[in-house]
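Undergrad: Here you go, one structure.
The values are calculated or read from the model by the stated rules, or taken from the named source; none is laboratory data. Because the structure is a prediction, the values reported are computed rather than measured. Here the Cβ positions follow ideal geometry from the backbone for every residue, glycine too, while neighbour counts run over all protein chains shown. In case anyone asks, the SASA skips ligands and DNA or RNA and just uses the protein heavy atoms, side chains included. Shrake-Rupley method; radii C 1.70, N 1.55, O 1.52, S 1.80 Å.
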Amino acid sequence: MTQQIQAAVVGTGFMGSVHARAVTAAGGRVRWVAGSSPARARGLAGASPGAEPATFQQVLDSGVDVVHICTPNHLHHDMARRALEAGKHVVCEKPLALSVKEAADLAGLAARAGRVATVPFVYRYYASARLARSMISAGGRGPWLLHGSYLQDWLADPEAYDWRVDGARGGDSRAFGDIGIHWCDLMEFVTGQRITALRAVLGSAHPVRGGRPVTTEDGGVISFRTDAGALGSLVISQASAGRKNRLWFSFDGPDASYVFDQERPESLWVGGRDANRVLLRDPAHAGGRADALPAGHPQGYHECFADFVADTYAAVRGEAVDGLPGFDAGLRAARLTQAVLDSAADTTDWTEVPA
């Protein structure tokens, strides 16, 4: 019988609740919950069967296998480092850290410690996206034009404000650092191509929120080139009315094009010169998981998150896992974010992205 993974969730906001639910769905057990206050820790622990409130130090001193870090961004580096040094496997919310230096420190430490350390780039787990990946890798001429968008509206209201807007806690980049990196990670995962250079223009719908000046962007437009010679463009926004969480891509090639919409994830549009097809999600298709929901039972964000956590726990048990986003993916996202910030500060030339 496979030993049940014991986990601790650190952070009690929306993402903490998502992680707690995914732990249970993946067959693990939330043993401890730590929050910014005892009351918040008790609240999430009470919603997680068998969990108890704790301090972060108690989590580190405990016998849990995995620590899930779901705190505000500026706390990620210190908490992840301490968890790794305590011998824990770590799941850390993105961005992995607020700088390339800190992200590289964590990626190096995880490798030296021999711990499983992952970042929830969960859009990799949509079956339709994985189907596109398998079709693109099957051979033939790959996509030469990579374009798409990631649009939200939770900051469309000029009075909307939370810690993510504050650069000191959320990081110097908000929209790209929060959602743009998801799109870029998915693009590189699906196509197998990597961004080598980019140009970025960032902007804000509301430079002032609730009477407070804002230094982080509401959105932006990024042009890029890849190591395979493809051209690309990405539009991101957290202030586009009516767009709740629309991650969309079109990866276009001379033989086939592939379109995915996260708000309608049950299908993959495949364009051809003579005919187009809409492929419905089905575990029987290439790219599906053996334990996936049957066709006709919609796969959603929670299922993708649970699959990501299940793969993380499988890796903890020593099993081989395909496409698991580790701290190296978090470091990659940090490098892309820094390149976007550098380019936005000087739009006169292309900004190279370190490999």
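Undergrad: Work out from phi, with θ = phi - 60° and the Karplus expression 6.51 cos²θ - 1.76 cosθ + 1.60, the ³J(HN,Hα) of each residue of the range 296-313, listed in order in whole Hz, and give x for Gly and Pro.
TA: Once θ is set to phi - 60°, the couplings for the range 296-313 become x, 10, x, 8, x, 4, 5, 5, 4, 5, 5, 5, 4, 5, 4, 5, 4, 5 Hz.
Undergrad: Continuing with this model, one more query. How much of the accessible area of the range 22-172, in percent, comes from carbon and sulfur atoms when a 1.4 Å probe is used?
TA: Its accessible area is 51 percent carbon and sulfur atoms.
Undergrad: Scan around VAL91 for amide H atoms under 5 Å from its own, H built in the peptide plane at 1.01 Å from N, and keep only partners 5 or more places away or cross-chain.
TA: Sorted by chain and number, the residues that satisfy this are VAL67, HIS68, ILE69, THR118.
Undergrad: If amide H atoms are built 1.01 Å from N in the plane of the peptide, which residues on other chains or at least 5 residues away come under 5 Å of the amide H of ARG209?
TA: Long-range HN contacts for ARG209: VAL214.
Undergrad: Find how many whole Å separate the alpha carbon centroid of the range 303-324 from the alpha carbon centroid of the range 1-79.
TA: 18 Å
Undergrad: Would you be so kind as to identify which of GLY232, GLN6, ALA333 lies farthest towards the positive end of the dipole of the chain, taking Lys and Arg as +1 and Asp and Glu as -1 on Cβ and the Cα centre as origin?
TA: GLN6
Undergrad: Given the convex hull over the Cα atoms of the range 189-259, what projected area results after averaging over all orientations, in nm²?
TA: Hull-based average projected area comes out at 6.3 nm².
Undergrad: Considering only DSSP beta bridges whose two residues both sit in the chain, what percent are antiparallel, to the nearest 5?
TA: About 60 percent, rounded to the nearest 5.
Undergrad: Quick check for me: using +1 on Lys/Arg Cβ and -1 on Asp/Glu Cβ, what's the dipole size of the range 1-147 about its Cα centre, in debye to the nearest 20?
TA: Around 420 debye, computed over the range 1-147.
Undergrad: Let me ask another. For the chain, with the dipole built from +1 on Lys and Arg beta-carbon atoms and -1 on Asp and Glu ones, taken about the Cα centre, which of VAL221, ALA39, LEU106 lies farthest toward the positive end?
TA: Checking the options against the dipole of the chain, the answer is ALA39.
Undergrad: How large is the charge dipole for the chain, taken about the Cα centre, if only the Cβ atoms of Lys, Arg (+1) and Asp, Glu (-1) carry charge, to the nearest 20 debye?
TA: 440 debye
Undergrad: I've got another one for you. Would you calculate a helix-derived [θ] at 222 nm for the chain, using -39,500 (n - 2.57) for each DSSP H run of n ≥ 4 and dividing by the full residue count, to the nearest 500?
TA: For the chain, the value works out to -9500 deg cm²/dmol.
Undergrad: Could I ask something else about it? From the phi angles alone, apply the Karplus equation (6.51, -1.76, 1.60; θ = phi - 60°) to the range 329-345 and give each ³J(HN,Hα) in whole Hz, x where the residue is Gly or Pro.
TA: Working through the residues one at a time gives 5, x, 5, 4, 5, 5, 5, 5, 4, 5, 5, 4, 5, 4, 5, 5, 7 Hz.
Undergrad: Work out from phi, with θ = phi - 60° and the Karplus expression 6.51 cos²θ - 1.76 cosθ + 1.60, the ³J(HN,Hα) of each residue of the range 148-157, listed in order in whole Hz, and give x for Gly and Pro.
TA: x, 7, 9, 10, 9, 10, 5, 10, 5, 6
Undergrad: Taking H placed 1.01 Å from N in the peptide plane, check which residues at least 5 places from ALA228 or on another chain put their amide H under 5 Å from its amide H.
TA: Correct list: ARG194.
Undergrad: Still on this structure: May I ask you to list the lysines whose Cα is less than 21 Å away from that of LYS244, ignoring any residue fewer than eight positions away on the same chain?
TA: Of all the lysines, those that pass the test against LYS244 - Cα under 21 Å, at least 8 places apart if same chain - are LYS94.
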